[in-house]
Every structure is written in structure tokens, then in C-alpha cells.
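The next block holds one structure in the form of C-alpha cells; read it before the comments.
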Amino acid sequence: YGTLCSLFESSEVVFNLFPEFRGRGASWVLARLLATAHYRFGATSFSLAPHQLGHDNEEGLRSGAWWFYEKLGFRPDAPEARQRYRLERRRARVRPGHRSSLTTLRMLASHPVFFDLDRRRDDVLGRLDFGAVGEPASQSLRRYGDRREEGVREAVAAFRQLTDEPPSARWSRDQRRALEGWAPLLGALRGAGRWTAESRRALAEIVRAKGGPAESIFVTRFDAHSRLRRALIRLAAAGV
């Protein structure tokens, strides 16, 4: 089974094949999963989190998961991991049958790996610092102390004003929940008030889609909003 988290034409992949089925088309199944992300979301960059590779995951470590993904084109970004990877490749060329030690595998598995179909990009899942993206929203709510709900209500009101959302607009319970979660973040976007009316109204449609029946609609609308993308990337860069 596999799952995909997608944003900005990139996907973070979780893939698991039960031991009974390993060696029986596992790479083909993974390729189909990546092809689905490419077709449905336009993903050209794919990432795997360390746990998937064996970090704090002894079964994944001993199964050789890291080298399974390496054979399919995934590579680390971290300089220390790339250096260790090149060393292991040299050892394998000199000594056929060489197997990486568990110590080496633990080091390699402590970093995410990536597979890029096109040129390397930084604005992708696994490389973009979403902790830095969320920090301004957290700061805005911390000002309210234990009155966090009041802060959320004010953020929602500000968001409705920003997007020219009429008071009579009807939102489902899930859409209202999505609005409460997103309003503090979107309120932290610099310069959003100077966006065109169309761009600001599109924000409301993105949040509606987040609370809608299909996450894929949300991802598609999110990726299509170029101003929102640039604003979030600036927030992430500011936290570096």
C-alpha cells in the first residue's frame, strides 16, 4: 500500500510492501504509485522521509530499504549522506558483493531522499521548511495566550474581509474547520491585501476545497495559485 502527500508539483511518498510480496514486482508497484502522482498532480519531484528508509525503523533498516530506493533513482541531498553514499558505491565496485553495515545504513537513513524527473527544485515537499511557514501563524495566536479561540475567530473574520466573503456564504462543518485552521496562516501572508480581487477570492475557494470531499481538488487549486505559492516560499525562506 502507499500514500501520497502532494503540493507544488511534488509528492512525499509512503510505500510499504509486506514481506511475503517483496521481490515480486515491488519496484513496478512503486513506479505505478509515482506515475499516479505525476498524472494526477503533475508531480515531478518525489521524496521519502527517513522513517521510510529505516530511521527508527529496524525492520526497514534490515530489509535494505535504502538501497531499494537508491536503485530506483532516489538520492540524498544532505552533504554527509551524499559523501557516505559515494564511498559505499566505490566499495561495491572494488568488492563485488559488498553489503553496507547497519551503522552506515543508519547514517544514510537519517536523511530524506529525492527523485527529480526534471531539474532540481527547492520548493518541494521534503526541502521546503513548513515549520518556518507555520511559525508566523503560531506567533499570531500566542499573543492571545489561553484565549486562543478568540484569536482564531478574529483571524477568520479578517480572512472573510480579505476575500470579500459575504456574510450569507454557507460553509459546511468541515469547511469551517478548514477555515479555522488556515485563517491564522493566510492572515500572516505579507501583501495579500494588495492582491487582485480575483486572487483573494481564490483563497476562499482553496479553503473550501480543503474542507470538501476530495483532497485532490484542494491540491490542484492550491498549486494553481501562483501568488500564494510565492508568499509561502518567502515565509519558508525567512525562517532559514
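With respect to the stated conditions, R95 fails to be over 22 Å from L17 (Cα atoms) and either touching a strand residue (DSSP E or B) at 6+ places or on another chain (Cβ under 8 Å) or surrounded by 13 or more Cβ atoms within 10 Å (Cβ to Cβ) (or both). The conditions of being closer than 30 Å to I217 by Cα and either under 23 Å from the mean Cα position of the chain (by Cα) or surrounded by 12 or more Cβ atoms within 10 Å (Cβ to Cβ) (or both) are not met by L105. Taking first residues from region 218-240 that are touching a residue at least 24 places away in the same chain (Cβ under 8 Å) and open to solvent by 40 Å² or more (accessible area, probe 1.4 Å) and partners that are charged (D, E, K, R) and part of a helix (DSSP H, G or I), the Cβ contacts under 7 Å between residues at least 6 apart in sequence or on separate chains come to G239/E135.
In a residue-by-residue description of region 51-62, the property of being polar (S, T, N, Q), open to solvent by less than 80 Å² (accessible area, probe 1.4 Å) and under 19 Å from the mean Cα position of the chain (by Cα) applies to at least one position.
Applying the condition of being under 21 Å from Y69 (Cβ atoms) and in contact with an Asp or Glu (Cβ under 9 Å, 6 or more places away or on another chain) to region 119-150 and asking which residue is least open to solvent (accessible area, probe 1.4 Å) yields V124. It is to be established whether one or more residues within region 31-44 are aliphatic (A, V, I, L, M), more than 17 Å from D116 (Cα to Cα), assigned to a helix (DSSP H, G or I) and out of contact with any strand residue (DSSP E or B) (no Cβ under 7 Å at 6 or more places or on another chain). The answer is no, given that none of the residues of region 31-44 is aliphatic (A, V, I, L, M), more than 17 Å from D116 (Cα to Cα), assigned to a helix (DSSP H, G or I) and out of contact with any strand residue (DSSP E or B) (no Cβ under 7 Å at 6 or more places or on another chain). For region 63-91, filtered to residues that are hydrophobic (A, V, I, L, M, F, W, C) and in contact with a Phe, Trp or Tyr (Cβ under 8 Å, 6 or more places away or on another chain), the residue that is modelled with the highest pLDDT is F74.
Scanning region 91-133 for residues that are touching a residue at least 40 places away in the same chain (Cβ under 8 Å) and either touching a Pro at 6+ places or on another chain (Cβ under 8 Å) or of a type in the set (V, I, T) (or both) yields L108, A109, S110, H111, P112, V113, F114, V124, G126, V133.
Residues of region 205-216 that are under 23 Å from R148 (Cβ atoms) and in a helix (DSSP H, G or I): V207, K210.
The values are calculated or read from the model by the stated rules, or taken from the named source; none is laboratory data. Just so you know, these numbers come straight off a predicted model, no measurement behind them. With ideal geometry, Cβ positions are generated from the backbone for all residues, glycine too; neighbour counts draw on all protein chains shown. We work out accessible area using only protein heavy atoms, side chains counted, and drop any ligands, DNA or RNA first. Shrake-Rupley method; radii C 1.70, N 1.55, O 1.52, S 1.80 Å.
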